[in-house]
1. Can you find a residue that is out of contact with any helix residue (DSSP H, G or I) (no Cβ under 7 Å at 6 or more places or on another chain), over 18 Å from residue 177 (Cα atoms) and free of Cβ contacts under 8 Å to residues at least 24 places away in the same chain anywhere in the stretch 480-498?
2. Part of a helix (DSSP H, G or I) and either loosely packed, with under 14 Cβ neighbours inside 10 Å or in contact (Cβ under 8 Å) with a residue 24 or more places away in the chain (or both): does that describe residue 45?
3. Quick one: which of 279, 260 is buried (at least 18 other Cβ atoms within 10 Å of the Cβ) and not in a helix (DSSP H, G or I)?
4. Report whether or not residue 430 is buried (at least 17 other Cβ atoms within 10 Å of the Cβ), more than 20 Å from residue 186 (Cβ to Cβ), modelled with pLDDT of 90 or more and over 27 Å from the mean Cα position of the chain (by Cα).
5. Look through 273, 231, 239, 250 and report the one residue that is part of a helix (DSSP H, G or I) and over 23 Å from the mean Cα position of the chain (by Cα).
6. Hey, among 80, 39, 50, which residue is over 23 Å from residue 99 (Cα atoms) and either assigned to a helix (DSSP H, G or I) or in contact (Cβ under 8 Å) with a residue 40 or more places away in the chain (or both)?
7. Output the number of the condition that residue 161 fails; it satisfies all remaining conditions of (1) surrounded by 24 or more Cβ atoms within 10 Å (Cβ to Cβ); (2) within 26 Å of residue 302 (Cα to Cα).
8. For the stretch 189-206, name all the residues that are free of Cβ contacts under 8 Å to residues at least 40 places away in the same chain and either outside any helix (DSSP H, G or I) or crowded, with 20+ Cβ neighbours inside 10 Å (or both).
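The values are calculated or read from the model by the stated rules, or taken from the named source; none is laboratory data. Predicted model, so just to flag it, every value in this text is computed and none were measured. FYI the Cβ positions are ideal-geometry reconstructions off the backbone, even for glycines, and counts take in every protein chain you see.
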């Protein structure tokens, strides 16, 4: 493909894969394989470019990064399964499962950016089945797992053939954020459980030393990732430290546990390994599953269905996050074909009695992020402060993504190589404490970036004097925000609670039940405006939605239209947007840009790893209009009003220069400091003293009289330029 063809987006408006509103479940059943056919037809022309685009440094760095991000959690989950299944699963089973999935999906899938491997939820599922089977006859477990995999593959194929992946377009942030919080919490719980094993047999010294290594490993990865978001050192140094945070931390803390001296008194436990390319226990790769009693073959059917239900949500959501709105992707998606392909890997994994692979929710966006080309755009803030007349800040912008298949394929080959004798010997040097640190890193990365905590709950707990005036949540009663959080936290707490019991086999039902809860119940409890502010479709890109038959109409919008039609009222022009509220035809560009800017905080996905597993924590796509407006002088006047008082200041922002630096002049003696790559208008003590003076009060009264004589100026929204929820707005 030429450069022009790469930059040209897919023409999704004329995509033939569409369903009318009156064509529902039955219509999809009557036209089998339609979604799979259009997925392959849509993606196949890009196959050659998927190979050529893989020849770049960004792909090499992404391969190293995703190899460690995939390998270390897989080993951690393997330890969890090995402990809870009496040693049935080991290192080789986890490596083989991840390698098969990586090679198959890198070569044949329509979404090669989606990382597939062993997840924490399949670990939970496998040892829950073990707990149930051992109540009857534990020797049935290997053969029973095979039939679970076979039935799961059949259900996968039926789902893909009958076009049922279309319903993934109905997933909103209500369920995806709840699921992200659940996944992160389960990972942290697993990390604590893994550390507790080091205290067994009264090994207090070993336990405390392992806990210290795990925590320090987590902090090391976090700090190395944060370096990429600072202005310290040269740009290439920050990039290297951020790209290779996982291998650097792993090598250092593995070597630390082998240091001589007082550490020799600590009996660290290390990763158990087995013979190269052999199962962990003395068994063949293919067990005699055909000898399982017939009744147990049919008992495996509901387990296979629950496995499919889990993968239907987990795998497809990981595909959505790998192609989320944060990344400027150009190539089309393909959900139906990939889910059919997942059924094939389930069949192979089941026959080999290895953990069934599926999409890795926290790791999938990490892969895309590692392949993203970021540009740091510096800009200059000129202030009236004689001690600091100029402030230089940077802003990270995602320019493009290396959409290719090479990194995923090389990762699969590397996992196969890891099963060889020499590399298994190297793996045996890894302390179990690092596996706990991996759990903490992935889990906390999901929790610390979840908008349930970082935006909605933070909004409710923050002092009202310091709220962002432009935050869409200001337009909603606080009791309704608490009400909305109640339903999210109820789904989260219920799922976590059931996961800690033998009934954990049914947790996929609770996760999927969040979707009809959002579509059937919440529209009757909240107004359309409230839901548009607090919720949004997880998949919003036209390129992604083309595989899911387009954007659905939200139930609250349909209810309002029916009510207006029944009363004879004309509908207001516009449509529901991501930033909350209606996007009216007469809305100014600045107001729309400010609302979209705040929507990035409000509608995050909650399990993309954030500042821990992403190279940039506060970035937006270069295709976003608000970035272009800031770089082309589109920003003219920003008003920062203190709601609790009568003081008002106008701040004039000068256009951004073509050289990439913007010059902002601020009147009134204030400056605009930055936290984590964002800008906030903050009042200095000197300006507060000035405003408290008689001259300042007279100036404010004069401005109020001008506003009263020109009421049209009041229509402009109060705004604070922010890209991060950590930014403060002090009035």
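1. No: zero hits.
2. Judged against the criteria, residue 45 is a match.
3. Checking each option against the conditions leaves just 279.
4. Yes; evaluated as a whole, the condition is true for this residue.
5. Every option except 250 fails the conditions.
6. Details: 80 fails: over 23 Å from residue 99 (Cα atoms); 50 fails: over 23 Å from residue 99 (Cα atoms).
Of 80, 39, 50, the one residue that is over 23 Å from residue 99 (Cα atoms) and either assigned to a helix (DSSP H, G or I) or in contact (Cβ under 8 Å) with a residue 40 or more places away in the chain (or both) is 39.
7. So residue 161 meets the others, but not (1).
8. 199
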